[in-house]
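Shown next, in structure tokens, is the structure this report addresses.
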Amino acid sequence: MTGPLMTGPPIWASGTAAHLTIDLGALVDNYRRIARTVAPAAVAGVVKADAYGLGLIPVARALHGAGCRLFFVAHVEEALELRHFLPSVEIAVLNGLPPGTEAAYVGARLIPVLNHLGEIESWQGVCRREGRRLPGIVHVDTGMNRLGLGPDELARLIAEPDRLDGIARRALITHLASGDDPGGHQTQAQYRRFVAARAKLPKMPASLANSPGSFRGRHLNFDLVRPGSAVYGINPTPEAANPVRRVVSVEARLLQVRNVETPMTVGYGATYTVPEAGRIGTVALGYADGYLRSLSGKGAVFIDGRRCPVVGRVSMDLITVDMTHVPEAQAEPGRLVEIIGDNQSPDDVADQAGTIGYEILTSLGSRYHRRYIDPADAREADR
Ligand SMILES: *Cc1c(COP(=O)(O)O)cnc(C)c1O
């Protein structure tokens, strides 16, 4: 393409979109770290919600390169997109088998996670009509009370195991409610219920652990673990040092720096009053970019290692930060400031916002200039 819009250096070098860098090398290291921790159990990749906001296809390709052959998504739509790019892997769909989607599952060779007896019956019917055994995953609820066979349905399945006849039993799974609790009472209770259910059902591979569960003892690994967050750099053991590497960096552009005289206020609602003559920087990032509004007066950016607290409310496209203590030479408009990086992790930002790292990552949104650092040769690719 030519024309006036395409001349000059690339727009991301000077435009105001914030930069989101995704280090696929760190991601692959994290996946391998988990694989070593849980071996000989296998490791599935959980790539629901656009791989926790980091990009379904580049993340799935990197995990595939690291040896991952089974992927979990939440929705059948996500599975169909993934199938397009990875024709030979196993793809399991956590949210079950909604009526009317059976043909899509068969056509794209998807594995439904069967969350209740009705879905088991539907999938058995599909296998019968197709005249072959198709893989399904049986999900038992051992304490989440969210998805999966509850105690009554589990008892019926144990009493009538022929309900699984004709289905290729790919796995029996359950999901932890409190894997991140180091005390682990609920985890141990769920473990015991899972072991009991497994002993009474037809034989199949078993899977219980999410990311925290993968770091809480070998007995939780069974045949397969299903980590999401730890692959993306979220600390699976919040009470201890993070065993995995940060994958995400976010930088945003400093737009203006102004000297503010007291007693002036900053931003919507005038929630912050400058206490003494100071300098306020305006940064091009807001809640539309997943910089949550609850970070108003709580978050911070870093400028050459100096912490600059967010003052006033987070706006849709902008935040205001106290730059009084940043030397003039480092306060040049147009420069980038650190939002997530060496000085603060997604977990740190989550703590400031009163939420979890998962929400910080999945909220990032689509407005960033995204860069992926390739695992193979650490070459940066702009996408
Ligand atoms: C999301 C999800 C996972 C991954 O959980 P993390 O805590 O991100 O590791 C595993 N299993 C199920 C059923 C899930 O819904």
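Please list, in order, the residues from the stretch 99-113 whose amide nitrogen is less than 11 Å from a point placed 7 Å along the Cα→Cβ vector of Leu147.
The answer is 112-113.
So if the hydrodynamic radius of the stretch 84-127 is defined as the Kirkwood radius over C-alpha pairs, what does Stokes-Einstein give as its diffusion coefficient at 37 °C and 0.692 mPa s, in µm² per second?
303
Please give the peptides 17-28, 255-266, 83-94 ranked by average Cβ packing (other Cβ atoms within 10 Å per residue), highest first, as a rough proxy for protection.
Peptide ranking by packing, descending: 17-28, 83-94, 255-266.
For the stretch 271-383, what does the relative contact order come out to in percent, with C-alpha contacts under 8 Å and a separation of six or more? Walk me through the intermediate numbers first.
Working: 178 pairs, mean separation 27.9, N = 113.
Result for the stretch 271-383 is 25 percent.
Which whole-number value in Å² is the accessible area per residue of the stretch 182-299, probe 1.4 Å?
45
In whole Hz, with x marking every Gly and Pro, tabulate ³J(HN,Hα) for the stretch 7-15 from phi via Karplus 6.51 cos²θ - 1.76 cosθ + 1.60, θ = phi - 60°.
Result, ordered by residue: 8, x, x, x, 4, 5, 5, 10, x Hz.
For the stretch 4-62, what class follows from the C-alpha gyration tensor (a ≥ b ≥ c being the square roots of its eigenvalues): rounded when a/c is under 1.5, otherwise prolate if a/b is larger than b/c, else oblate?
Here the stretch 4-62 falls in the prolate category.
Determine the per residue accessible area of the stretch 1-77 with all protein chains present and a 1.4 angstrom probe, expressed in square angstrom.
Spelled out: the 1.4 Å probe surface of the stretch 1-77, per residue, equals 45 Å².
Go through the stretch 62-75 residue by residue and turn each phi into a ³J(HN,Hα) via Karplus (6.51, -1.76, 1.60, θ = phi - 60°); whole Hz please, and just put x for glycine and proline.
Using θ = phi - 60°, the values come out as 5, 5, 4, x, 8, x, 6, 10, 9, 10, 10, 10, 8, 10 Hz.
Roughly what angle does helix 185-200 make with the longest principal axis of the chain, taking Cα atoms, 0 to 90 degrees, to the nearest 10?
30
Per residue, how many Å² of accessible area does the stretch 305-383 show with a 1.4 Å probe?
So the stretch 305-383 comes to 50 Å² accessible per residue, rounded to a whole number.
Starting from the Kirkwood radius over alpha-carbon pairs of the stretch 250-380, derive D by Stokes-Einstein at 37 °C in a medium of 0.692 mPa s and give it in µm² s⁻¹.
Estimated diffusion coefficient is 216 µm²/s.
Taking H as built 1.01 Å from N, whose amide H comes closer than 5 Å to the amide H of Leu224, not counting residues under 5 places away?
Distant-sequence amide H within range of Leu224: Ala42, Ala206, Leu208.
For the pair Arg371 and Ala189, how long in nm is the line joining their label points, each one 7 Å along Cα→Cβ?
With each label placed 7 Å out from Cα toward Cβ, I get 4.9 nm.
Find the relative contact order for the stretch 29-141 and round it to a whole percent, using C-alpha pairs within less than 8 Å whose residues are 6+ positions apart.
Numbers: 143 pairs, mean separation 20.2, N = 113.
Result for the stretch 29-141 is 18 percent.
Note down, for the chain, the three equivalent ellipsoid semi-axes (square root of 5 times each alpha carbon gyration tensor eigenvalue), biggest first, whole angstrom.
On the way: eigenvalues 408, 108, 66 Å².
So the equivalent ellipsoid measures 45, 23, 18 Å along its semi-axes.
Treating only the Cβ atoms of Lys and Arg (+1) and Asp and Glu (-1) as charged, compute the dipole magnitude of the chain about its Cα centre; round to the nearest 20 debye.
1160
Using a 1.4 Å probe over the heavy atoms of the protein chains, calculate the carbon and sulfur portion of the accessible area of the chain as a whole percent.
C and S atoms contribute 52 percent here.
In percent, what relative contact order does the chain have, based on Cα pairs under 8 Å that are 6 or more apart in sequence?
18
Can you compute the FRET efficiency between Glu328 and Glu239 using 1/(1 + (r/R0)^6), with r the Cβ-Cβ distance and R0 = 35 Å? Round to the nearest 0.05.
0.25
Using the Cα atoms of the stretch 177-304, I'd like the radius of gyration and the largest Cα-Cα distance, Dmax, both in angstrom.
Computed over the Cα atoms of the stretch 177-304, radius of gyration and Dmax are 23.2, 74 Å.
So if each residue of separation counts as 0.36 nm, and I subtract the Cα-Cα distance between Asp223 and Asn259, what length gain in nm does that give?
Length gained, Asp223 through Asn259: 6.9 nm.
The values are calculated or read from the model by the stated rules, or taken from the named source; none is laboratory data. Just so you know, these numbers come straight off a predicted model, no measurement behind them. A quick note on method: Cβ atoms are made from the backbone with ideal geometry, for glycine too, and the neighbour counts reach across all protein chains shown. Protein only, heavy atoms only, side chains kept; ligands, DNA and RNA dropped before computing areas. Shrake-Rupley method; radii C 1.70, N 1.55, O 1.52, S 1.80 Å.
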